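Worksheet: the structure to be examined is printed underneath.
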């Protein structure tokens, strides 16, 4: 009885560790000829190119891409080339128009692209030097898809820790093989401010999630979709752990038979 309980305990521990380590994996894959990255923590896919608009400008030409975006735009705002910059930055309306263009061409095989979401929980007193539930540094990552990616999946640090202490080694979004062309700057979210003229943003240079950024400012666009999902591939150390656990279980079974 004691040996059976021990084997069962080891099995639970091994498979529990394996499951938890593979839960928050990022998985690179190709969909309809375009590279994307699946986030199992957020159950969403990001474009692998974190500055896809800038890359399109470089490869196809600024005027060609802007004219295509304007041609697919159906909103009431008077969208012009002035809503875009050649490095990929755009106004908030320009960013949404670019998302609309990706949907019009079914980029990566889907027409359900959008800007990352942020949830306004109504917390007050937040500024650029404090922590808050939904704004500032080290926010509750359930309030923002980009915050979840930055802090939970990529292991980024905020300029201040959870106690508000300055972290001199915080150097923005980690440079990993998962993504290309990460911009150490500000990215738009889909959430507009409660007051007119502003929108929420996430800053990948210092880990800040904030409200009230002027929609007419030019900053960067990173598209996400909930329409593309894959089964996350277990990490190599998780597979090794699983194999070691299975080997241990087999050894215990042989010992039991020899008793």
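The values are calculated or read from the model by the stated rules, or taken from the named source; none is laboratory data. In this text, all values refer to a predicted model and were calculated from it rather than measured experimentally. Here Cβ is always computed from backbone atoms with ideal geometry, including for glycine, and neighbour counts include all displayed protein chains.
Do the conditions hold for residue 96, that is, is it touching a strand residue (DSSP E or B) at 6+ places or on another chain (Cβ under 9 Å), modelled with pLDDT of 95 or more and farther than 17 Å from residue 213 by Cβ?
On the way: touching a strand residue (DSSP E or B) at 6+ places or on another chain (Cβ under 9 Å): yes; modelled with pLDDT of 95 or more: yes; farther than 17 Å from residue 213 by Cβ: no.
So residue 96 does not fit the description; no.
How many of the residues making up segment 99-148 are assigned to a loop (DSSP other than H, G, I, E, B), in contact with a strand residue (DSSP E or B) (Cβ under 8 Å, 6 or more places away or on another chain) and farther than 21 Å from residue 52 by Cα?
Restricting attention to segment 99-148, the residues satisfying the condition of being assigned to a loop (DSSP other than H, G, I, E, B) are 105-106, 110-112, 115-117, 119-130, 132-135, 138-140.
Remaining after also requiring in contact with a strand residue (DSSP E or B) (Cβ under 8 Å, 6 or more places away or on another chain): 110, 112, 115-117, 119-120, 126-130, 134-135, 138-139.
Then drop every residue that is not farther than 21 Å from residue 52 by Cα, which leaves 119-120, 126-130, 134-135, 138-139.
Selection size over segment 99-148: 11.
From the list 151, 178, which one is part of a helix (DSSP H, G or I), under 13 Å from the mean Cα position of the chain (by Cα) and surrounded by 18 or more Cβ atoms within 10 Å (Cβ to Cβ)?
Just one listed residue meets the conditions, 151.
Scan segment 47-83 for residues that are assigned to a loop (DSSP other than H, G, I, E, B) and either in contact (Cβ under 8 Å) with a residue 24 or more places away in the chain or loosely packed, with under 12 Cβ neighbours inside 10 Å (or both) and report the count.
9
Using the structure shown, decide if residue 18 is over 20 Å from residue 181 (Cβ atoms), at pLDDT below 50 and surrounded by 18 or more Cβ atoms within 10 Å (Cβ to Cβ).
yes
So which of 143, 121 ends up being in the same structural domain as residue 41 (by TED's automatic domain parsing) and buried (at least 17 other Cβ atoms within 10 Å of the Cβ)?
The conditions single out 143.
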